[in-house]
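Here's the structure, in C-alpha coordinates; my notes come after.
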Ligand SMILES: [Zn+2]
(Lines give C-alpha, C1' and ligand atoms only; values in the text may rest on other atoms or scores of the structure.)
Protein backbone atom coordinates (compact mmCIF):
# COMPACT_ATOMS: atom_id res chain seq x y z
CA UNK A 1 0.00 0.00 0.00
CA UNK A 2 0.99 3.56 -0.44
CA UNK A 3 2.52 5.76 2.09
CA UNK A 4 5.70 7.67 2.64
CA UNK A 5 7.95 5.67 4.83
CA UNK A 6 9.23 2.26 4.06
CA UNK A 7 11.20 -0.19 6.01
CA UNK A 8 14.14 -1.37 4.06
CA UNK A 9 15.54 -4.68 4.96
CA UNK A 10 17.42 -7.27 3.01
CA UNK A 11 15.39 -8.73 0.22
CA UNK A 12 12.63 -6.19 0.42
CA UNK A 13 14.43 -3.14 -0.67
CA UNK A 14 12.82 -2.19 -3.88
CA UNK A 15 9.62 -3.60 -2.71
CA UNK A 16 6.31 -2.30 -1.96
CA UNK A 17 2.98 -1.08 -2.78
CA UNK A 18 3.99 1.98 -4.62
CA UNK A 19 6.80 4.05 -6.05
CA UNK A 20 8.97 7.00 -5.42
CA UNK A 21 7.20 9.93 -3.99
CA UNK A 22 7.75 13.20 -5.76
CA UNK A 23 8.34 15.62 -2.95
CA UNK A 24 11.87 16.15 -1.77
CA UNK A 25 12.25 14.08 1.34
CA UNK A 26 14.68 14.36 4.14
CA UNK A 27 15.75 10.81 4.67
CA UNK A 28 15.84 7.32 3.32
CA UNK A 29 12.21 7.04 4.15
CA UNK A 30 10.81 6.32 0.76
CA UNK A 31 10.67 3.42 -1.45
CA UNK A 32 11.35 3.97 -5.10
CA UNK A 33 9.84 0.80 -6.36
CA UNK A 34 6.87 -0.24 -4.48
CA UNK A 35 4.62 1.08 -1.87
CA UNK A 36 5.91 4.43 -1.03
CA UNK A 37 3.81 7.43 -1.49
CA UNK A 38 1.94 9.62 0.85
CA UNK A 39 -1.76 9.19 0.68
CA UNK A 40 -3.71 12.38 0.23
CA UNK A 41 -4.04 14.20 3.48
CA UNK A 42 -7.09 15.72 5.05
CA UNK A 43 -5.90 19.27 5.09
CA UNK A 44 -5.87 19.66 1.36
CA UNK A 45 -8.87 21.57 0.15
CA UNK A 46 -11.41 19.23 -1.28
CA UNK A 47 -11.69 19.50 -4.99
CA UNK A 48 -15.20 19.32 -6.28
CA UNK A 49 -15.77 16.47 -8.69
CA UNK A 50 -16.55 18.99 -11.40
CA UNK A 51 -12.87 19.95 -11.59
CA UNK A 52 -12.19 17.09 -13.90
CA UNK A 53 -14.53 16.24 -16.70
CA UNK A 54 -16.13 12.89 -16.09
CA UNK A 55 -18.71 11.32 -18.35
CA UNK A 56 -22.48 11.36 -18.14
CA UNK A 57 -24.22 9.02 -15.71
CA UNK A 58 -23.34 5.44 -16.50
CA UNK A 59 -25.70 4.04 -19.07
CA UNK A 60 -26.00 0.55 -17.66
CA UNK A 61 -29.51 -0.44 -16.70
CA UNK A 62 -28.63 -0.58 -13.10
CA UNK A 63 -29.81 -2.36 -10.04
CA UNK A 64 -29.91 0.21 -7.24
CA UNK A 65 -27.11 -0.42 -4.78
CA UNK A 66 -29.69 -0.93 -2.04
CA UNK A 67 -30.99 -3.97 -3.93
CA UNK A 68 -27.56 -5.62 -4.06
CA UNK A 69 -26.32 -7.89 -1.25
CA UNK A 70 -24.62 -6.10 1.64
CA UNK A 71 -20.95 -6.52 2.52
CA UNK A 72 -20.48 -8.61 5.66
CA UNK A 73 -18.08 -6.30 7.44
CA UNK A 74 -17.74 -8.57 10.49
CA UNK A 75 -16.49 -11.27 8.16
CA UNK A 76 -14.02 -8.79 6.65
CA UNK A 77 -12.64 -8.07 10.13
CA UNK A 78 -12.40 -11.80 10.89
CA UNK A 79 -10.35 -12.32 7.69
CA UNK A 80 -8.06 -9.43 8.61
CA UNK A 81 -7.53 -10.78 12.14
CA UNK A 82 -6.71 -14.21 10.81
CA UNK A 83 -4.38 -13.12 7.99
CA UNK A 84 -2.53 -10.63 10.19
CA UNK A 85 -2.19 -12.97 13.16
CA UNK A 86 1.32 -13.98 14.24
CA UNK A 87 0.60 -17.50 13.06
CA UNK A 88 0.77 -16.23 9.44
CA UNK A 89 4.26 -14.87 10.12
CA UNK A 90 3.78 -11.68 8.13
CA UNK A 91 2.87 -13.49 4.86
CA UNK A 92 6.30 -13.34 3.22
CA UNK A 93 6.43 -14.88 -0.29
CA UNK A 94 8.17 -18.24 -0.32
CA UNK A 95 7.72 -18.76 3.45
CA UNK A 96 5.46 -20.87 5.69
CA UNK A 97 3.35 -17.74 6.00
CA UNK A 98 2.65 -17.94 2.27
CA UNK A 99 1.54 -21.54 2.56
CA UNK A 100 -0.89 -20.70 5.37
CA UNK A 101 -2.19 -17.64 3.52
CA UNK A 102 -2.73 -19.43 0.22
CA UNK A 103 -4.52 -22.29 1.97
CA UNK A 104 -6.70 -19.89 3.92
CA UNK A 105 -7.71 -18.00 0.78
CA UNK A 106 -8.54 -21.20 -1.11
CA UNK A 107 -10.64 -22.46 1.83
CA UNK A 108 -12.50 -19.18 1.99
CA UNK A 109 -13.18 -19.04 -1.75
CA UNK A 110 -14.54 -22.60 -1.55
CA UNK A 111 -16.76 -21.72 1.42
CA UNK A 112 -18.05 -18.64 -0.32
CA UNK A 113 -18.89 -20.61 -3.43
CA UNK A 114 -16.39 -18.98 -5.77
CA UNK A 115 -15.02 -21.45 -8.31
CA UNK A 116 -11.38 -22.18 -9.14
CA UNK A 117 -10.21 -19.26 -11.26
CA UNK A 118 -7.51 -20.99 -13.25
CA UNK A 119 -8.37 -22.88 -16.43
CA UNK A 120 -6.55 -25.93 -15.06
CA UNK A 121 -9.29 -26.24 -12.45
CA UNK A 122 -7.22 -24.92 -9.55
CA UNK A 123 -7.21 -21.76 -7.45
CA UNK A 124 -3.49 -21.32 -8.08
CA UNK A 125 -1.36 -19.40 -10.52
CA UNK A 126 2.31 -20.15 -9.90
CA UNK A 127 4.62 -17.12 -9.85
CA UNK A 128 8.32 -17.97 -10.08
CA UNK A 129 10.57 -15.28 -8.61
CA UNK A 130 14.30 -14.73 -8.69
CA UNK A 131 16.28 -12.78 -6.11
CA UNK A 132 19.21 -10.92 -7.66
CA UNK A 133 22.06 -9.47 -5.59
CA UNK A 134 24.58 -7.35 -7.50
CA UNK A 135 28.27 -7.27 -6.60
CA UNK A 136 29.82 -3.78 -6.32
CA UNK A 137 31.70 -2.52 -9.37
CA UNK A 138 32.88 0.89 -10.63
CA UNK A 139 31.66 2.63 -13.79
CA UNK A 140 34.54 3.82 -15.95
CA UNK A 141 34.03 6.71 -18.39
CA UNK A 142 36.58 7.44 -21.10
CA UNK A 143 37.06 10.17 -23.65
CA UNK A 144 40.28 10.10 -25.64
CA UNK A 145 42.97 9.64 -23.00
CA UNK A 146 40.83 11.01 -20.16
CA UNK A 147 39.21 8.69 -17.66
CA UNK A 148 36.67 9.14 -14.86
CA UNK A 149 35.89 6.36 -12.39
CA UNK A 150 32.52 6.50 -10.68
CA UNK A 151 32.54 4.67 -7.36
CA UNK A 152 29.89 2.05 -6.67
CA UNK A 153 27.16 3.37 -4.40
CA UNK A 154 28.76 6.78 -3.76
CA UNK A 155 28.52 7.91 -7.42
CA UNK A 156 26.67 5.20 -9.28
CA UNK A 157 24.06 2.62 -8.32
CA UNK A 158 23.65 0.08 -11.09
CA UNK A 159 22.49 -3.47 -11.60
CA UNK A 160 21.49 -5.97 -14.23
CA UNK A 161 18.02 -7.48 -14.19
CA UNK A 162 19.11 -10.14 -16.65
CA UNK A 163 18.93 -13.57 -15.06
CA UNK A 164 22.59 -14.25 -15.59
CA UNK A 165 25.82 -14.45 -13.62
CA UNK A 166 26.60 -10.96 -14.71
CA UNK A 167 26.51 -8.30 -17.40
CA UNK A 168 28.89 -5.76 -18.89
CA UNK A 169 29.12 -2.52 -20.73
CA UNK A 170 32.24 -2.64 -22.87
CA UNK A 171 33.21 0.84 -24.07
CA UNK A 172 29.59 1.56 -24.89
CA UNK A 173 29.04 5.02 -26.38
CA UNK A 174 27.02 7.41 -24.24
CA UNK A 175 24.11 9.34 -25.74
CA UNK A 176 22.17 11.98 -23.84
CA UNK A 177 18.49 11.49 -24.72
CA UNK A 178 16.88 14.13 -22.51
CA UNK A 179 13.91 12.59 -20.73
CA UNK A 180 14.09 9.55 -23.01
CA UNK A 181 10.39 9.81 -23.84
CA UNK A 182 8.40 8.62 -26.84
CA UNK A 183 4.83 9.88 -26.35
CA UNK A 184 2.77 9.91 -29.54
CA UNK A 185 -0.21 11.55 -27.81
CA UNK A 186 1.97 14.59 -27.14
CA UNK A 187 3.77 14.38 -30.51
CA UNK A 188 6.92 13.89 -28.48
CA UNK A 189 9.96 11.83 -29.45
CA UNK A 190 13.28 12.40 -27.73
CA UNK A 191 15.11 10.02 -30.12
CA UNK A 192 14.21 11.63 -33.45
CA UNK A 193 15.06 8.44 -35.31
CA UNK A 194 18.59 8.13 -33.91
CA UNK A 195 19.72 4.51 -33.74
CA UNK A 196 20.82 3.89 -30.15
CA UNK A 197 21.38 0.14 -30.43
CA UNK A 198 24.28 -0.92 -28.26
CA UNK A 199 24.67 2.57 -26.81
CA UNK A 200 24.22 3.64 -23.24
CA UNK A 201 21.49 6.21 -22.72
CA UNK A 202 21.89 9.04 -20.24
CA UNK A 203 18.50 10.35 -19.15
CA UNK A 204 16.79 12.85 -16.89
CA UNK A 205 14.21 11.76 -14.33
CA UNK A 206 10.48 12.67 -14.35
CA UNK A 207 8.38 14.05 -17.27
CA UNK A 208 9.62 16.79 -19.57
CA UNK A 209 8.58 19.98 -17.67
CA UNK A 210 7.01 21.84 -20.58
CA UNK A 211 6.24 25.49 -19.86
CA UNK A 212 2.70 26.72 -20.36
CA UNK A 213 2.68 28.98 -23.46
CA UNK A 214 0.17 31.22 -21.67
CA UNK A 215 2.24 31.50 -18.50
CA UNK A 216 5.89 30.48 -18.56
CA UNK A 217 5.95 30.19 -14.77
CA UNK A 218 3.55 27.23 -14.91
CA UNK A 219 3.68 23.81 -16.53
CA UNK A 220 1.52 23.30 -19.58
CA UNK A 221 -1.51 21.35 -18.34
CA UNK A 222 -1.90 19.85 -21.82
CA UNK A 223 1.57 18.29 -21.75
CA UNK A 224 2.44 15.25 -19.62
CA UNK A 225 -0.34 15.95 -17.17
CA UNK A 226 0.98 19.38 -16.23
CA UNK A 227 1.85 19.17 -12.57
CA UNK A 228 0.70 15.56 -12.36
CA UNK A 229 3.20 12.85 -13.15
CA UNK A 230 2.56 10.54 -16.07
CA UNK A 231 4.11 7.15 -16.55
CA UNK A 232 6.76 8.72 -18.79
CA UNK A 233 8.21 10.24 -15.64
CA UNK A 234 8.74 6.97 -13.84
CA UNK A 235 12.17 5.40 -13.72
CA UNK A 236 10.60 2.09 -14.73
CA UNK A 237 9.53 3.66 -18.03
CA UNK A 238 13.05 4.94 -18.71
CA UNK A 239 14.55 1.46 -18.50
CA UNK A 240 11.72 -0.03 -20.55
CA UNK A 241 12.04 2.41 -23.43
CA UNK A 242 15.82 1.92 -23.40
CA UNK A 243 15.29 -1.83 -23.82
CA UNK A 244 12.77 -1.22 -26.57
CA UNK A 245 15.35 0.88 -28.40
CA UNK A 246 17.94 -1.88 -28.11
CA UNK A 247 20.28 0.15 -25.92
CA UNK A 248 23.06 -1.60 -24.01
CA UNK A 249 22.67 0.49 -20.90
CA UNK A 250 20.52 3.17 -19.33
CA UNK A 251 21.70 5.61 -16.68
CA UNK A 252 19.38 8.13 -15.05
CA UNK A 253 20.90 11.30 -13.65
CA UNK A 254 19.43 11.64 -10.18
CA UNK A 255 17.91 14.92 -9.03
CA UNK A 256 16.22 15.05 -5.66
CA UNK A 257 13.34 17.35 -6.63
CA UNK A 258 12.18 15.63 -9.81
CA UNK A 259 12.89 12.14 -8.44
CA UNK A 260 11.04 12.87 -5.24
CA UNK A 261 13.66 11.37 -2.97
CA UNK A 262 17.34 11.92 -2.22
CA UNK A 263 20.14 9.83 -3.65
CA UNK A 264 20.51 7.90 -0.40
CA UNK A 265 17.13 6.29 -1.11
CA UNK A 266 18.52 5.09 -4.43
CA UNK A 267 21.57 3.81 -2.58
CA UNK A 268 19.58 1.92 0.02
CA UNK A 269 17.00 0.57 -2.41
CA UNK A 270 19.11 -0.89 -5.20
CA UNK A 271 22.37 -2.11 -3.73
CA UNK A 272 21.16 -5.39 -2.25
CA UNK A 273 18.84 -8.22 -3.28
CA UNK A 274 16.00 -7.34 -5.66
CA UNK A 275 13.25 -9.70 -6.75
CA UNK A 276 12.08 -10.13 -10.29
CA UNK A 277 9.83 -12.49 -12.17
CA UNK A 278 11.47 -15.50 -13.71
CA UNK A 279 10.65 -15.04 -17.38
CA UNK A 280 11.13 -17.57 -20.18
CA UNK A 281 13.59 -15.22 -21.84
CA UNK A 282 15.44 -14.75 -18.54
CA UNK A 283 14.92 -11.00 -18.94
CA UNK A 284 17.62 -10.90 -21.62
CA UNK A 285 15.49 -8.37 -23.50
CA UNK A 286 16.24 -5.78 -20.86
CA UNK A 287 19.21 -3.50 -21.25
CA UNK A 288 22.40 -5.03 -19.98
CA UNK A 289 22.96 -2.51 -17.21
CA UNK A 290 20.43 -0.18 -15.61
CA UNK A 291 21.30 2.39 -13.02
CA UNK A 292 21.38 5.85 -11.52
CA UNK A 293 24.25 8.29 -11.25
CA UNK A 294 24.38 11.14 -8.76
CA UNK A 295 23.64 14.65 -10.00
CA UNK A 296 27.17 15.66 -9.25
CA UNK A 297 28.59 12.87 -11.39
CA UNK A 298 26.00 13.50 -14.10
CA UNK A 299 27.18 17.07 -14.37
CA UNK A 300 30.82 15.96 -14.48
CA UNK A 301 30.01 13.41 -17.16
CA UNK A 302 28.44 16.07 -19.38
CA UNK A 303 31.33 18.42 -18.72
CA UNK A 304 33.71 15.67 -19.82
CA UNK A 305 31.74 15.64 -23.08
CA UNK A 306 32.10 19.41 -23.36
CA UNK A 307 28.45 19.98 -22.53
CA UNK A 308 26.57 21.85 -19.86
CA UNK A 309 23.93 20.07 -17.75
CA UNK A 310 21.70 23.13 -17.32
CA UNK A 311 21.68 23.94 -21.03
CA UNK A 312 20.89 20.37 -22.06
CA UNK A 313 18.18 20.11 -19.45
CA UNK A 314 16.52 23.23 -20.82
CA UNK A 315 16.61 21.88 -24.37
CA UNK A 316 15.20 18.56 -23.17
CA UNK A 317 12.03 20.29 -22.00
CA UNK A 318 11.12 21.14 -25.60
CA UNK A 319 9.68 19.08 -28.41
CA UNK A 320 12.57 20.16 -30.65
CA UNK A 321 15.17 18.43 -28.47
CA UNK A 322 17.50 16.11 -30.38
CA UNK A 323 19.62 13.39 -28.75
CA UNK A 324 23.26 14.31 -28.14
CA UNK A 325 26.03 11.73 -28.73
CA UNK A 326 28.55 12.56 -26.01
CA UNK A 327 31.78 11.12 -27.42
CA UNK A 328 32.31 9.38 -24.08
CA UNK A 329 32.31 5.61 -23.51
CA UNK A 330 31.16 3.63 -20.48
CA UNK A 331 32.54 0.35 -19.18
CA UNK A 332 31.25 -1.65 -16.25
CA UNK A 333 30.99 -5.30 -15.22
CA UNK A 334 28.41 -6.42 -12.68
CA UNK A 335 28.33 -9.92 -11.16
CA UNK A 336 25.09 -11.36 -9.78
CA UNK A 337 24.16 -13.74 -7.02
CA UNK A 338 20.87 -15.46 -7.88
CA UNK A 339 18.29 -17.51 -5.97
CA UNK A 340 14.82 -18.57 -7.03
CA UNK A 341 11.63 -18.96 -5.03
CA UNK A 342 8.21 -20.20 -6.08
CA UNK A 343 5.27 -18.07 -5.05
CA UNK A 344 1.57 -18.11 -5.88
CA UNK A 345 -1.32 -15.91 -6.90
CA UNK A 346 -4.67 -17.21 -5.68
CA UNK A 347 -7.45 -16.92 -8.23
CA UNK A 348 -11.20 -17.60 -7.98
CA UNK A 349 -14.19 -16.74 -10.11
CA UNK A 350 -17.91 -16.23 -10.21
CA UNK A 351 -19.02 -17.19 -13.68
CA UNK A 352 -21.16 -14.80 -15.70
CA UNK A 353 -24.68 -15.63 -16.85
CA UNK A 354 -24.56 -14.44 -20.48
CA UNK A 355 -23.69 -17.07 -23.12
CA UNK A 356 -20.92 -15.01 -24.71
CA UNK A 357 -20.27 -12.13 -22.32
CA UNK A 358 -19.36 -14.65 -19.61
CA UNK A 359 -16.05 -14.95 -21.48
CA UNK A 360 -15.30 -11.38 -20.46
CA UNK A 361 -13.96 -10.60 -16.99
CA UNK A 362 -14.01 -7.95 -14.35
CA UNK A 363 -10.89 -8.58 -12.27
CA UNK A 364 -10.61 -7.59 -8.62
CA UNK A 365 -7.08 -7.61 -7.19
CA UNK A 366 -5.66 -7.40 -3.67
CA UNK A 367 -2.12 -8.32 -2.69
CA UNK A 368 -2.01 -10.99 0.01
CA UNK A 369 1.71 -10.69 0.73
CA UNK A 370 3.47 -8.55 3.27
CA UNK A 371 7.03 -8.35 4.56
CA UNK A 372 7.24 -11.59 6.56
CA UNK A 373 9.68 -11.80 9.44
CA UNK A 374 12.33 -9.10 9.66
CA UNK A 375 14.47 -7.01 11.99
CA UNK A 376 12.96 -6.58 15.45
CA UNK A 377 11.20 -3.33 16.28
CA UNK A 378 10.41 -3.04 20.00
CA UNK A 379 11.15 -6.74 20.31
CA UNK A 380 8.65 -7.75 17.60
CA UNK A 381 9.88 -9.42 14.40
CA UNK A 382 6.59 -10.30 12.69
CA UNK A 383 5.43 -7.76 10.14
CA UNK A 384 1.72 -8.50 10.42
CA UNK A 385 0.51 -6.19 7.67
CA UNK A 386 -3.04 -5.78 8.95
CA UNK A 387 -3.89 -2.69 6.93
CA UNK A 388 -1.24 -3.55 4.33
CA UNK A 389 -2.88 -5.63 2.97
CA UNK A 390 -4.80 -8.16 5.05
CA UNK A 391 -7.52 -5.51 4.93
CA UNK A 392 -7.82 -5.32 1.15
CA UNK A 393 -7.60 -9.10 0.89
CA UNK A 394 -10.37 -9.55 3.46
CA UNK A 395 -12.43 -6.93 1.66
CA UNK A 396 -12.01 -8.72 -1.65
CA UNK A 397 -13.08 -12.04 -0.10
CA UNK A 398 -16.32 -10.46 1.07
CA UNK A 399 -16.93 -8.79 -2.29
CA UNK A 400 -16.57 -12.29 -3.75
CA UNK A 401 -19.04 -13.50 -1.14
CA UNK A 402 -21.51 -10.78 -2.13
CA UNK A 403 -21.24 -11.80 -5.81
CA UNK A 404 -21.81 -15.43 -4.87
CA UNK A 405 -24.95 -14.41 -2.94
CA UNK A 406 -26.58 -12.71 -5.94
CA UNK A 407 -29.76 -14.46 -7.06
CA UNK A 408 -28.32 -14.37 -10.59
CA UNK A 409 -24.72 -13.60 -11.49
CA UNK A 410 -24.04 -10.64 -13.79
CA UNK A 411 -23.56 -11.15 -17.52
CA UNK A 412 -19.77 -11.02 -17.42
CA UNK A 413 -17.64 -13.19 -15.16
CA UNK A 414 -15.86 -11.84 -12.10
CA UNK A 415 -12.30 -12.87 -11.27
CA UNK A 416 -10.79 -12.48 -7.80
CA UNK A 417 -7.03 -12.36 -7.91
CA UNK A 418 -5.09 -12.32 -4.63
CA UNK A 419 -1.60 -11.49 -5.86
CA UNK A 420 1.80 -12.18 -4.38
CA UNK A 421 4.96 -10.07 -4.11
CA UNK A 422 3.39 -6.65 -4.39
CA UNK A 423 5.85 -5.56 -1.74
CA UNK A 424 8.67 -6.77 -3.98
CA UNK A 425 7.64 -4.47 -6.82
CA UNK A 426 4.12 -5.49 -7.98
CA UNK A 427 5.42 -8.84 -9.23
CA UNK A 428 2.38 -11.10 -8.78
CA UNK A 429 0.15 -8.73 -10.71
CA UNK A 430 2.85 -8.22 -13.32
CA UNK A 431 3.00 -11.97 -13.80
CA UNK A 432 -0.75 -12.19 -14.30
CA UNK A 433 -0.82 -9.35 -16.80
CA UNK A 434 2.06 -10.63 -18.92
CA UNK A 435 0.77 -14.23 -18.80
CA UNK A 436 -2.96 -13.65 -18.32
CA UNK A 437 -5.23 -16.62 -17.69
CA UNK A 438 -7.98 -14.85 -19.67
CA UNK A 439 -7.18 -12.54 -22.59
CA UNK A 440 -6.62 -8.91 -21.65
CA UNK A 441 -8.83 -7.85 -24.55
CA UNK A 442 -11.61 -9.75 -22.76
CA UNK A 443 -10.76 -8.14 -19.43
CA UNK A 444 -13.31 -5.39 -18.91
CA UNK A 445 -11.69 -3.71 -15.93
CA UNK A 446 -9.46 -4.09 -12.92
CA UNK A 447 -10.51 -2.91 -9.46
CA UNK A 448 -7.71 -2.92 -6.90
CA UNK A 449 -7.96 -3.05 -3.11
CA UNK A 450 -4.86 -1.98 -1.23
CA UNK A 451 -5.56 -0.87 2.32
CA UNK A 452 -9.05 -0.25 3.71
CA UNK A 453 -10.23 2.73 5.72
CA UNK A 454 -10.28 1.57 9.35
CA UNK A 455 -11.34 4.85 10.95
CA UNK A 456 -15.04 5.22 10.28
CA UNK A 457 -17.38 6.73 7.72
CA UNK A 458 -16.38 9.48 5.31
CA UNK A 459 -18.35 11.83 3.10
CA UNK A 460 -15.95 11.23 0.26
CA UNK A 461 -13.89 8.62 -1.52
CA UNK A 462 -10.55 9.27 -3.20
CA UNK A 463 -9.78 8.10 -6.72
CA UNK A 464 -6.11 7.99 -7.56
CA UNK A 465 -5.71 8.94 -11.20
CA UNK A 466 -9.10 10.67 -11.12
CA UNK A 467 -10.49 11.14 -14.60
CA UNK A 468 -8.41 8.34 -16.12
CA UNK A 469 -11.23 6.09 -17.24
CA UNK A 470 -14.99 5.55 -17.40
CA UNK A 471 -14.68 3.54 -14.19
CA UNK A 472 -14.59 6.85 -12.34
CA UNK A 473 -18.10 7.59 -13.61
CA UNK A 474 -19.27 4.30 -12.13
CA UNK A 475 -17.68 5.14 -8.79
CA UNK A 476 -19.17 8.62 -8.79
CA UNK A 477 -22.65 7.22 -9.42
CA UNK A 478 -22.39 4.50 -6.78
CA UNK A 479 -20.90 6.82 -4.17
CA UNK A 480 -23.63 9.31 -5.04
CA UNK A 481 -26.25 6.76 -4.03
CA UNK A 482 -24.69 6.82 -0.57
CA UNK A 483 -24.77 10.62 -0.57
CA UNK A 484 -21.00 10.71 -0.94
CA UNK A 485 -18.69 12.46 -3.37
CA UNK A 486 -15.49 11.40 -5.05
CA UNK A 487 -12.31 13.41 -4.97
CA UNK A 488 -9.00 13.31 -6.83
CA UNK A 489 -5.72 12.34 -5.28
CA UNK A 490 -4.46 15.41 -3.44
CA UNK A 491 -0.93 14.76 -4.68
CA UNK A 492 -1.06 13.87 -8.39
CA UNK A 493 2.56 14.93 -8.83
CA UNK A 494 3.62 11.90 -6.85
CA UNK A 495 2.43 9.44 -9.44
CA UNK A 496 0.52 7.24 -6.97
CA UNK A 497 -1.39 5.71 -9.81
CA UNK A 498 1.72 3.85 -10.94
CA UNK A 499 2.42 2.21 -7.60
CA UNK A 500 0.02 -0.61 -6.85
CA UNK A 501 -1.19 -3.73 -8.61
CA UNK A 502 -3.85 -2.08 -10.76
CA UNK A 503 -1.04 -0.32 -12.59
CA UNK A 504 0.11 -3.53 -14.25
CA UNK A 505 -3.36 -3.85 -15.76
CA UNK A 506 -3.34 -0.22 -16.87
CA UNK A 507 0.08 -0.62 -18.41
CA UNK A 508 -1.23 -3.50 -20.53
CA UNK A 509 -4.21 -1.38 -21.58
CA UNK A 510 -6.96 -2.60 -19.23
CA UNK A 511 -8.92 0.24 -17.56
CA UNK A 512 -7.96 0.03 -13.91
CA UNK A 513 -9.33 1.62 -10.77
CA UNK A 514 -7.23 2.67 -7.78
CA UNK A 515 -9.62 3.76 -5.04
CA UNK A 516 -8.30 5.22 -1.81
CA UNK A 517 -9.76 6.23 1.54
CA UNK A 518 -11.84 9.35 1.87
CA UNK A 519 -10.46 12.11 4.05
CA UNK A 520 -13.62 13.88 5.23
CA UNK A 521 -14.67 11.86 8.26
CA UNK A 522 -18.19 12.18 9.62
CA UNK A 523 -18.31 13.55 13.16
CA UNK A 524 -14.58 14.20 13.27
CA UNK A 525 -12.48 17.37 13.17
CA UNK A 526 -11.35 18.53 9.73
CA UNK A 527 -7.78 17.35 10.23
CA UNK A 528 -8.75 13.88 11.45
CA UNK A 529 -8.13 12.18 8.11
CA UNK A 530 -4.69 13.65 7.88
CA UNK A 531 -3.84 12.82 11.47
CA UNK A 532 -4.76 9.15 11.27
CA UNK A 533 -2.88 8.83 8.03
CA UNK A 534 0.25 10.52 9.32
CA UNK A 535 0.06 8.47 12.47
CA UNK A 536 -0.08 5.25 10.47
CA UNK A 537 2.74 6.36 8.19
CA UNK A 538 4.96 7.31 11.06
CA UNK A 539 4.32 4.47 13.47
CA UNK A 540 2.92 1.42 11.73
CA UNK A 541 3.57 1.46 8.00
CA UNK A 542 5.81 -1.48 7.08
CA UNK A 543 6.47 -2.10 10.75
CA UNK A 544 5.58 -5.01 13.04
CA UNK A 545 2.99 -2.73 14.66
CA UNK A 546 0.69 -2.77 11.59
CA UNK A 547 -1.84 -4.89 13.49
CA UNK A 548 -5.59 -4.75 14.13
CA UNK A 549 -6.13 -2.02 16.74
CA UNK A 550 -8.90 -1.83 19.36
CA UNK A 551 -10.13 1.51 17.95
CA UNK A 552 -10.66 0.27 14.41
CA UNK A 553 -14.01 1.19 12.89
CA UNK A 554 -14.82 -0.51 9.59
CA UNK A 555 -18.13 1.29 8.96
CA UNK A 556 -16.44 3.47 6.30
CA UNK A 557 -14.74 0.46 4.73
CA UNK A 558 -18.14 -1.20 4.48
CA UNK A 559 -19.46 1.71 2.42
CA UNK A 560 -16.35 1.78 0.24
CA UNK A 561 -16.62 -1.97 -0.39
CA UNK A 562 -20.29 -1.61 -1.30
CA UNK A 563 -19.31 1.00 -3.88
CA UNK A 564 -16.60 -1.22 -5.35
CA UNK A 565 -18.94 -4.20 -5.43
CA UNK A 566 -21.59 -2.15 -7.24
CA UNK A 567 -19.02 -0.83 -9.71
CA UNK A 568 -17.81 -4.34 -10.58
CA UNK A 569 -21.37 -5.59 -10.85
CA UNK A 570 -22.45 -2.78 -13.15
CA UNK A 571 -19.39 -3.04 -15.37
CA UNK A 572 -20.17 -6.74 -15.65
CA UNK A 573 -23.72 -5.87 -16.70
CA UNK A 574 -23.00 -2.96 -19.03
CA UNK A 575 -23.68 -2.95 -22.76
CA UNK A 576 -20.24 -1.59 -23.52
CA UNK A 577 -16.82 -1.99 -21.98
CA UNK A 578 -15.46 0.93 -19.97
CA UNK A 579 -12.67 2.81 -21.72
CA UNK A 580 -9.85 5.20 -20.97
CA UNK A 581 -10.72 8.88 -21.21
CA UNK A 582 -9.36 10.69 -24.28
CA UNK A 583 -5.75 11.76 -23.82
CA UNK A 584 -4.96 9.04 -21.31
CA UNK A 585 -1.55 7.45 -21.86
CA UNK A 586 -2.95 3.89 -21.82
CA UNK A 587 -5.71 4.50 -24.36
CA UNK A 588 -3.68 3.75 -27.49
CA UNK A 589 -2.66 0.39 -26.06
CA UNK A 590 -6.26 -0.54 -25.27
CA UNK A 591 -7.53 0.56 -28.67
CA UNK A 592 -4.89 -1.56 -30.41
CA UNK A 593 -5.64 -4.52 -28.15
CA UNK A 594 -9.38 -4.43 -28.83
CA UNK A 595 -8.79 -3.93 -32.53
CA UNK A 596 -6.41 -6.89 -32.74
CA UNK A 597 -8.87 -9.06 -30.80
CA UNK A 598 -11.74 -8.17 -33.11
CA UNK A 599 -9.62 -9.13 -36.12
CA UNK A 600 -9.90 -5.85 -37.99
ZN1 LIG B 1 3.28 -2.34 1.64
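Quick look at the numbers
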| read-out | value |
| --- | --- |
| Any hit, segment 392-411, residues being assigned to a helix (DSSP H, G or I), within 13 Å of the ligand (Cβ to nearest atom) and either at pLDDT 95 or above or under 14 Å from residue 368 (Cα atoms) (or both) | yes |
| From 525, 544, residue being outside any strand (DSSP E or B) and surrounded by fewer than 23 Cβ atoms within 10 Å (Cβ to Cβ) | 525 |
| Any hit, segment 558-567, residues being at pLDDT below 95, under 19 Å from residue 463 (Cβ atoms) and either assigned to a helix (DSSP H, G or I) or touching a strand residue (DSSP E or B) at 6+ places or on another chain (Cβ under 9 Å) (or both) | no |
| Matching residues in segment 339-373 - criterion: being outside any helix (DSSP H, G or I) and surrounded by fewer than 21 Cβ atoms within 10 Å (Cβ to Cβ) | 339, 340, 341, 342, 351, 353, 354, 355, 356, 373 |
| Yes/no for residue 157 being assigned to a strand (DSSP E or B) and either under 21 Å from residue 252 (Cβ atoms) or in contact with a helix residue (DSSP H, G or I) (Cβ under 9 Å, 6 or more places away or on another chain) (or both) | yes |
| Failed condition for residue 122, given (1) in contact (Cβ under 8 Å) with a residue 24 or more places away in the chain; (2) in a loop (DSSP other than H, G, I, E, B); (3) touching a strand residue (DSSP E or B) at 6+ places or on another chain (Cβ under 9 Å); (4) surrounded by fewer than 16 Cβ atoms within 10 Å (Cβ to Cβ) | (1) |
| Among (1) surrounded by fewer than 24 Cβ atoms within 10 Å (Cβ to Cβ); (2) within 21 Å of residue 535 (Cα to Cα), the one test that residue 489 misses | (1) |
| Index of the failed condition, residue 225 passing every other in (1) on the phi < 0 side of the Ramachandran plot; (2) assigned to a loop (DSSP other than H, G, I, E, B); (3) within 22 Å of the chain's Cα centre (by Cα) | (1) |
| Boolean, residue 110 is without any contact (Cβ under 8 Å) to a residue 40 or more places away in the chain and either surrounded by fewer than 24 Cβ atoms within 10 Å (Cβ to Cβ) or closer than 28 Å to residue 254 by Cβ (or both) | yes |
| Whichever residue in segment 376-391 is farther than 15 Å from residue 557 by Cα and within 16 Å of the ligand (Cβ to nearest atom) and, among such residues, is surrounded by the fewest Cβ atoms within 10 Å (Cβ to Cβ) | 377 |
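The values are calculated or read from the model by the stated rules, or taken from the named source; none is laboratory data. What you see is a predicted model; the values in this text were computed from it and never measured. Methodologically, a virtual Cβ is constructed for each residue, glycine included, from the backbone with ideal geometry; neighbour enumeration extends over all protein chains shown.
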